[in-house]
Amino acid sequence: MAVTILVVEDEPAIQELISLNLKRAGHMVLCADNAEQAKQLINNVLPDLVLLDWMLPDTTGIELARRLRREARTKSIPIIMLTARVQENDKISGLEAGADDYITKPFSPRELIARIKAVLRRRLPEMSDEIIELGGLKLDPTTHRVHVYALDDPSKTTEITLGPTEFRLLHYLMAYKERVHTRAQLLDRVWGDHVFIEDRTVDVHIRRLRKILEAVDKENLVQTVRGTGYRFSVEFDEESVE
Ligand code: CA
């Protein structure tokens, strides 16, 4: 489960220690010394998770967490607060501001990695390695294989070959089945970038994905929701599909 983690921490020694341990665990790391820098980094690439220090030079971590929760693009990023404080009240205000979890300094690298893993498992199902079976499709994130099977006879399977982007796109859509995603959301979550890629890139890859699924008669699983975006659904809804 390699993800992009933004570390917002103003103490250089702690920032470096965290960054080192996250990299060692296979994650990609972005570092910000303050809220303003964090904002700029997030504008370019949406991280999968934010580690947020309670006390920052330009604002509090709580205030930044609230800001992230207010904006549509960042409202569902998992946030783990880092704090030297141990008072119960602080924990409650952190959780009220939208933090998913809490780590009290000093903490061990092992605890940090374990907490991150737990939050990701809960909040980002597309980062999980679990096999997903839906609507006659079986997607295995570990082997990067997709099989199609007959719903009345699961022993009859055919493998379909997808490009890396189509695979990630299908994995994401299946992990959040029945949910509608805008093109901007898909760029953020599947491509990891929404600034330098155009919205129509999403359409191109959706078309490619559908074409592959069409060959096995499964193209109706990936649906266009007019004026909104795309979704994976096992129910074919003629009204909203183009
Ligand atoms: Ca601090």
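The values are calculated or read from the model by the stated rules, or taken from the named source; none is laboratory data. Everything numeric here is computed off the predicted structure, so don't read it as measured data. Cβ placement follows ideal geometry from the backbone for every residue including glycine, while neighbour counts extend to all protein chains displayed. Side chains are part of the model used for accessible areas, which takes the heavy atoms of the whole protein and leaves out ligands, DNA and RNA. Shrake-Rupley method; radii C 1.70, N 1.55, O 1.52, S 1.80 Å.
Answer rounded, prolate or oblate for the stretch 1-58, using the Cα gyration tensor with square roots of eigenvalues a ≥ b ≥ c: rounded when a/c is under 1.5, else prolate when a/b is larger than b/c, else oblate. Oblate, because a/c is 1.5 or more while a/b does not exceed b/c. Just check the chain against the gyration tensor rule for me: Cα atoms, a ≥ b ≥ c as the square roots of the eigenvalues, rounded for a/c under 1.5, and otherwise prolate or oblate depending on whether a/b exceeds b/c. Prolate, since a/c reaches 1.5 and a/b exceeds b/c. Looking at the chain, the accessible area is 52 square angstrom per residue; that uses a 1.4 Å probe and ignores ligands, DNA and RNA. The phi-based Karplus calculation (6.51 cos²θ - 1.76 cosθ + 1.60; θ = phi - 60°) puts the 3J(HN,Hα) values of the stretch 38-54 at 4, 4, 4, 5, 5, 4, 7, 9, 7, x, 7, 7, 10, 9, 10, 6, 5 Hz, whole numbers, x for Gly and Pro. Classify the stretch 4-127: rounded, prolate or oblate, from the alpha-carbon gyration tensor (a ≥ b ≥ c, eigenvalue square roots; a/c under 1.5 rounded; otherwise prolate if a/b is larger than b/c)? Note, shape of the stretch 4-127 comes out rounded. The listed residues 128, 108, once ranked by accessible area (1.4 Å probe) with the largest placed first, stand as 108, 128. Across the stretch 185-190, coupling constants 3J(HN,Hα) worked out from phi with the 6.51/-1.76/1.60 Karplus curve, θ = phi - 60°, read 5, 5, 4, 5, 8, 9 Hz, and Gly and Pro carry x.
Accessible area of residue 28 (1.4 Å probe, protein heavy atoms only, ligands and nucleic acids ignored): about 110 Å². Shown is the FRET efficiency for residue 43 and residue 117, computed with R0 = 25 Å from the Cβ-Cβ distance and rounded to the nearest 0.05: 0.40. Under a 5 Å amide H cut-off, with hydrogens placed 1.01 Å from N, residue 30 pairs with 5, 6, 7 among residues at least 5 apart or on other chains. Each residue, residue 108 and residue 177, gets one label point 7 Å from its Cα in the Cβ direction; the gap between the two is 3.9 nm. Residue 54 exposes around 20 Å² of accessible area when a 1.4 Å probe is run over every protein chain in place.
Each Cα pair under 8 Å and six or more residues apart adds its sequence gap; the mean of these over the residue count of the stretch 85-207 is a relative contact order of 13 percent.
A straight chain from residue 92 to residue 11 at 0.36 nm per residue would run longer than the Cα-Cα distance by 26.8 nm.
Rounded to a whole number, what % of the accessible area of the stretch 132-240 do carbon and sulfur atoms account for, probe 1.4 Å? Roughly 46 percent, rounded to a whole number. Contact order, relative form, for the chain: 13 percent (alpha carbon pairs under 8 Å, 6 or more residues apart, mean separation divided by residue count).
Result for the chain in a Gaussian network model with C-alpha springs under 10 Å: among 126, 111, 166, the largest mean-square fluctuation is at 111. The angle between the Cα long axis of helix 164-175 and the main principal axis of the chain comes to about 80°, on a 0 to 90 degree scale.
Of interest is the spacing of the C-alpha centroids, which for the stretch 177-227 and the stretch 43-110 amounts to 31 Å. Could you tell me how many degrees, from 0 to 90 and to the nearest 10, lie between the Cα long axis of helix 61-70 and the main elongation axis, the longest principal axis, of the Cα atoms of the chain? Compared with the principal axis, the helix lies near 30 degrees.
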